[in-house]
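The values are calculated or read from the model by the stated rules, or taken from the named source; none is laboratory data. Keep in mind that this is a model prediction, so the values were computed, not measured. Positions of Cβ are generated from backbone atoms using ideal geometry, with glycine treated the same way; all protein chains shown enter the neighbour counts. All accessible areas refer to the heavy atoms of the entire protein, side chains included, with ligands and DNA or RNA removed. Shrake-Rupley method; radii C 1.70, N 1.55, O 1.52, S 1.80 Å.
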Amino acid sequence: MRFNLNQRSTVEYSDTLLEAIKCLSVGALRAAIVFLWTGAIRTPQEEAFTNHKATLNAAIAKHDPKARPVNKLEDFAYIRDATALLAFQDLGVLDKGQKTTLGEALDLRNRCGHPTKYTPGVKKASSFIEDVLGVVFA
C-alpha cells in the first residue's frame, strides 16, 4: 500500500524526520530510531483517520476497550502504537506483512526510547530505516 503525504504531514513531520537524519549523521542511532518512528507513524494514522473515520474507533476498541476515542488526529497520542497497528490492519490501512514489519520496528523503537542498556548498531538502525521507510513511504 502506498501512503500519500498531505501538505499538513509534510510540514508538521518533516522536522521530525530531519531530526532523525541529523541524529544519524552524528551517530546518535537510538535517537534517530525514535525520531524516525515518530515521524513515520503519523502517515498511517492520517490514512486511518481520513479514510476510515466511521470505523476507526471500533477497530481501536476491539484491541483496547479502554482506549480513548480518536476524534481528531492529535488523539492518537493517547492510543498505544501497538494497538493502532492492529486497528490499521483491521481497517485495511496495512496488510499483515506491513503490520508485522512495523510491529518489529516498534519493538526496536521501544528498546531505544526507554532507559535500557540496549544500543543498536549501524546495521540494525539501517535495517529499521529500510523497513519503516519501505512500508510507510514506498
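Selection of segment 57-108 for residues being among the acidic types (Asp, Glu) and free of Cβ contacts under 8 Å to residues at least 40 places away in the same chain yields 64, 74, 75, 90, 104, 107.
Select from segment 11-60 the residues that are of a type in the set (Ser, Thr, Tyr) and under 16 Å from residue 92 (Cα atoms) and list them in ascending order. Within segment 11-60, 43, 50, 55 qualify. Cβ-Cβ contacts under 9 Å between residues 6 or more apart (or on different chains), taken from a first residue in segment 120-138 that is over 19 Å from residue 19 (Cβ atoms) to a second residue that is part of a loop (DSSP other than H, G, I, E, B) and open to solvent by 70 Å² or more (accessible area, probe 1.4 Å), are listed as 135/1; 138/1; 138/2. Inspect segment 72-79 for any residue being under 22 Å from residue 17 (Cα atoms), in contact with a His (Cβ under 8 Å, 6 or more places away or on another chain) and modelled with pLDDT of 95 or more and give the result as yes or no. No, there is no match, as no residue in segment 72-79 is under 22 Å from residue 17 (Cα atoms), in contact with a His (Cβ under 8 Å, 6 or more places away or on another chain) and modelled with pLDDT of 95 or more. Given the criteria more than 29 Å from residue 22 (Cα to Cα) and among the aromatic types (Phe, Trp, Tyr), does residue 88 qualify? Yes: the conditions hold for residue 88.
Residues that are among the charged types (D, E, K, R) and closer than 20 Å to residue 103 by Cα within segment 40-61 comprise 42, 46, 47, listed in sequence order. Candidates are the residues of segment 115-132 that are among the hydroxyl-bearing types (Ser, Thr, Tyr) and over 12 Å from residue 31 (Cα atoms); the one that is modelled with the lowest pLDDT is 116.
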